[in-house]
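The values are calculated or read from the model by the stated rules, or taken from the named source; none is laboratory data. Since the model is a prediction, treat every value here as computed from it, not as a measurement. For neighbour counting, all protein chains shown are included, and Cβ atoms are generated from backbone atoms with ideal geometry for every residue, glycine included.
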Amino acid sequence: MTAPRAQWGSKVGFILAAAGSAVGLGNLWKFPYVAGENGGGVFILAYLVCVIFVGVPLMAGEIIIGRATQKSPVGAIQALTHKGSFWTSFGWLSVAAASSLLSYYSVIAGWAMYYAYLAVTGGLTTAGTVYGDVFSQTVASGGLSLSWHLAFMGLTIAVVLGGVSNGLDRWSRILMPSLLVMLAGLVVRSYFLEGFSAGLDFSVGIRPEEFAASSMLAALGQAFFSLSIGMGTMLTYGSYLKRDDDIMGSTLQICALDTIVALLACLVIFPIIFTYPELSPAQGPGLLFASIPTGMSQMPFAGLLMTVFFFLLVFAALTSAISLLEVPVSFLIDRFGWERRKAAAVAGTAIFLYGVPSALGGVEGGAFFGFLDQLDYIVSNFMFPLGGIGLSLFVGWRMPDEIRHDHFLSGSKFKVFYNVWLTLLRFVVPFGIAVVFLNAIGVV
Ligand code: PHE
């Protein structure tokens, strides 16, 4: 006898949780720096194309698999096919991808926690601080990165131990809008900076010469990363979704919100970058950590603002990390009948250990130098696209038509788009991903 599957308390509960999964470091930390490295406006345009034509259809498809089977990735695909089916390998891939991503996601979130701590203790507002240096020193200190990685992973495990909808909703209801309000306020502030028009021009100006063959794959990988798709997260969250919720409607809301947050982050960060000559758009993973404190240091109540900002960043990262850990946890529960507490403790500890090389990887000349970047490259550019191709082909071609149709239509305002959605999933998503991928690795 298995216990009945937990469900979200309300429709809003699901949207909040799924939006919490989507909005995270991907929007605030990764999107601006990847856009900065790939030509700004032209990258952002490519990204929007990926969200609309790949992200939206795939997210709806993943949620449908989850809700139809009420299972985690491996069990879900097995339930729709048969034991030992080739398709279940995509379920395994999702568990591997989510665990790999979380291993280094936690390291980056740990840095954000450390910044929140620095902001509270006044360490970010000392006169003459060069924020780019604070970041490189943080990354270069293995002990520091490791301790904060441990702290963040511990927090994530503690929340997942308690089950899916244990009051986190309540916090999200306050903190998610706070994040939006804060970002909007910062955009207003950036508007008055000297570098605003240069920053805006960088974000919307199209300069194709700065867009490399690999940029399209970067845009696609970023869409998977930011929307939490291709690795079973939305599938797992969908498995707790009630029968009559409108899947396409929720998908569109989640994707829109996620994109707005990413765009706001650019509108905050790029004007700062073009105002202060020590910052450059292509400076890589330290971009957020250098630009936000630099911009805020000139504002009144700088210490307080930085504290609030990094606190909100950590919270956004936490709701994403929870959804990542939920993938291996629900897999262990479904597969081996483990209790939630045991599954969360075992998976969480294993992923913490997996993250150790990433935490130590900033130490120049150390054994793991560059580990985090390389793992991120493999996860974003190989695992996500492959998972995306598998899941779209599965929903598009293999999933029984009645189930797919039924779940798309139930409670939906978007019934008329069923055929458009199916065509996208059958052809555009898998072939689009394959072409972008092969192009980037130089095959076509
Ligand atoms: N979407 C999250 C972010 O942008 C990261 C994430 C990816 C979470 C995949 C869950 C699954 O930070």
Fill in: Scope the range 23-39; condition part of a helix (DSSP H, G or I), of a type outside the set (A, V, I, L, M, F, W, C) and near the ligand (Cβ under 8 Å from one of its atoms); matching residues
GLY26, ASN27, LYS30
Discussion item. Please determine whether any residue of the range 90-107 is more than 18 Å from ALA350 (Cβ to Cβ) and not aliphatic (A, V, I, L, M).
Written reply: yes
Fill in: helices (runs of 4 or more DSSP H) contained entirely in the range 322-420, each with at least 1 residues that are in contact with a His (Cβ under 8 Å, 6 or more places away or on another chain)
340-360
Worksheet entry | Qualifying positions in the range 377-412 - among the polar types (S, T, N, Q) and touching a Phe, Trp or Tyr at 6+ places or on another chain (Cβ under 7 Å) | SER380
Worksheet item: Are there any pairs with C-beta distances below 9 angstrom linking a residue in the range 359-371 that is modelled with pLDDT under 95 to a residue that is in a loop (DSSP other than H, G, I, E, B) and among the β-branched types (Val, Ile, Thr), with the two at least 6 apart or on different chains, and if so which?
Response: PHE369/VAL363
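Table: residues versus (1) surrounded by fewer than 18 Cβ atoms within 10 Å (Cβ to Cβ); (2) polar (S, T, N, Q).
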| site | (1), (2) |
| --- | --- |
| GLN137 | yes, yes |
| LEU144 | yes, no |
| TRP148 | no, no |
| GLY154 | yes, no |
| ILE157 | no, no |
| ASP169 | no, no |
| PRO177 | yes, no |
| ALA184 | yes, no |
| SER190 | no, yes |
Worksheet item: Does SER250 satisfy the condition of being within 16 Å of the ligand (Cβ to nearest atom), crowded, with 21+ Cβ neighbours inside 10 Å and either charged (D, E, K, R) or under 27 Å from VAL56 (Cα atoms) (or both)?
Response: yes
Worksheet item: In the list SER136, SER147, which residue meets the criterion of being within 24 Å of the chain's Cα centre (by Cα), in contact (Cβ under 8 Å) with a residue 40 or more places away in the chain and in a helix (DSSP H, G or I)?
Response: SER136
Fill in: Filtered residues of the range 314-331 (kept if near the ligand (Cβ under 10 Å from one of its atoms) and not small (Gly, Ala, Ser))
THR319, ILE322, LEU324, LEU325, GLU326, VAL327
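Here's the yes/no breakdown for (1) on the phi < 0 side of the Ramachandran plot; (2) out of contact with any strand residue (DSSP E or B) (no Cβ under 8 Å at 6 or more places or on another chain); (3) modelled with pLDDT of 95 or more:
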| residue | (1), (2), (3) |
| --- | --- |
| GLY39 | no, yes, no |
| ILE52 | yes, yes, yes |
| VAL56 | yes, yes, yes |
| GLU62 | yes, yes, yes |
| VAL74 | yes, yes, no |
| LEU80 | yes, yes, yes |
| GLY84 | no, yes, no |
Worksheet item: Quick one: which helices (runs of 4 or more DSSP H) sit completely within the range 175-273 and have at least 2 residues that are modelled with pLDDT under 95?
Response: 213-227, 233-238
Worksheet item: Restricting the range 394-405 to residues that are surrounded by fewer than 18 Cβ atoms within 10 Å (Cβ to Cβ) and touching a helix residue (DSSP H, G or I) at 6+ places or on another chain (Cβ under 8 Å), which is farthest from VAL74 (Cα to Cα)?
Response: HIS405
